[in-house]
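Worksheet: one structure, shown below.
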Amino acid sequence: MQVTRAPLRPQDLLHLRRENEAISAGYKVSRSLLDISERSILKVDLIAEMTTLVNTKSRVIEVLDGGCGTGFTLEQIKLRLPGKVRTTGLTLNEQHLEASTRYEYQIDEMIIGPIQEHKFNRQYDFIVDFLGANFYFPMEIIPIYGKILSLGGECFVKFPLQPAELARDQSKRCFSSDLGSYAKFFNENGLGIIQYADSGLETDFLLRSIK
Ligand SMILES: C[S@@+](CC[C@H](N)C(=O)[O-])C[C@H]1O[C@@H](n2cnc3c(N)ncnc32)[C@H](O)[C@@H]1O
């Protein structure tokens, strides 16, 4: 496994402390594909989407988990699509790398540190971000995903009703149940909506790079 690190910022230390408290209380930190499908509002079949991309691109596809925890989701993707995916996980937490190594998960690359500080050297064909970096800071993360998604690449993300980065400043609030404001934000970042589903509290999107 290739490992790279990006420097932590003050807000990441707070996030890490909360995450470690949740881990102590029994939180497992990386969902299975079944858990994601059950917990998601948009019942998207991630393996089916990735299989279509493999067939369209006729090559190994690059998959990024933008908040992978210990990386179980990526391990399952690798097992379901053997020889067809290169996997990269991103997490703030050094302990996730240790656990992933202990469990012998077959992950090609782990990036430890905030995505906002990482210098990407490749494009990704599928990004899954289930309650990962995007859920906390979508205004910062969607522009990054727009840049690193390959043309025609897809991205599955979950949005809260009000992102943490906007909660402090009500005047900046730009999302509502109004699909138009989301679509505008995505389009500005080279992304188009393929499918979405809204529970009133959270919204799941399957997006495609249209740049
Ligand atoms: C709540 S866990 C979700 C883990 C997994 N996706 C799941 O559904 O079980 C959030 C993950 O996102 C990571 N994360 C949050 N903000 C991040 C950021 N700015 N850059 C990189 N990783 C981040 C956390 O360290 C953790 O690995």
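Annotations
- When segment 108-131 is filtered for residues that are near the ligand (Cβ under 10 Å from one of its atoms) and at pLDDT 95 or above, the ones remaining, listed by number, are 111, 112, 113, 114, 115, 116, 117, 118, 128, 129, 130.
- Inspection of segment 120-142 finds no residue satisfying the criterion of being touching a Phe, Trp or Tyr at 6+ places or on another chain (Cβ under 7 Å) and over 22 Å from residue 202 (Cα atoms).
- Condition broken by residue 190, with the remaining ones in (1) in contact with a Lys or Arg (Cβ under 7 Å, 6 or more places away or on another chain); (2) at pLDDT below 85 satisfied: (2)
- Test: residue in segment 90-98 that is in contact with a Pro (Cβ under 9 Å, 6 or more places away or on another chain), within 10 Å of the ligand (Cβ to nearest atom) and not in a helix (DSSP H, G or I): yes
- Hey, residue 5 out of contact with any strand residue (DSSP E or B) (no Cβ under 9 Å at 6 or more places or on another chain) and either within 16 Å of the ligand (Cβ to nearest atom) or within 24 Å of residue 205 (Cβ to Cβ) (or both) or not: no
- Within segment 1-32, considering residues that are touching a Phe, Trp or Tyr at 6+ places or on another chain (Cβ under 9 Å) and closer than 27 Å to residue 80 by Cα, the one surrounded by the most Cβ atoms within 10 Å (Cβ to Cβ): 30
- If you check 49, 38, 104 for being surrounded by fewer than 23 Cβ atoms within 10 Å (Cβ to Cβ), modelled with pLDDT under 95 and not basic (Lys, Arg), only one passes: 38.
- Scanning segment 117-139 for residues that are under 13 Å from the mean Cα position of the chain (by Cα) and assigned to a helix (DSSP H, G or I) gives 133, 134, 135, 136, 138.
- Scanning segment 51-72 turns up one or more residues that are touching a strand residue (DSSP E or B) at 6+ places or on another chain (Cβ under 6 Å) and assigned to a helix (DSSP H, G or I).
- Contact map, segment 80-93: first residue of a type in the set (S, T, N, Q), second residue part of a helix (DSSP H, G or I), Cβ cut-off under 7 Å, separation 6 or more or different chains; pairs are 87/74; 87/77; 87/78; 93/16; 93/19.
- For residue 30, the conditions (1) farther than 18 Å from residue 123 by Cα; (2) in a helix (DSSP H, G or I) are fulfilled apart from (2).
- The requirement of being touching a helix residue (DSSP H, G or I) at 6+ places or on another chain (Cβ under 6 Å) and either on the phi < 0 side of the Ramachandran plot or not polar (S, T, N, Q) (or both) is fulfilled nowhere in segment 9-26; no residue meets it.
The values are calculated or read from the model by the stated rules, or taken from the named source; none is laboratory data. The structure presented is a predicted model; accordingly, all values stated were derived computationally and were not measured. Reconstructed Cβ throughout: ideal geometry from the backbone, glycine too, with neighbour counts over all protein chains shown.
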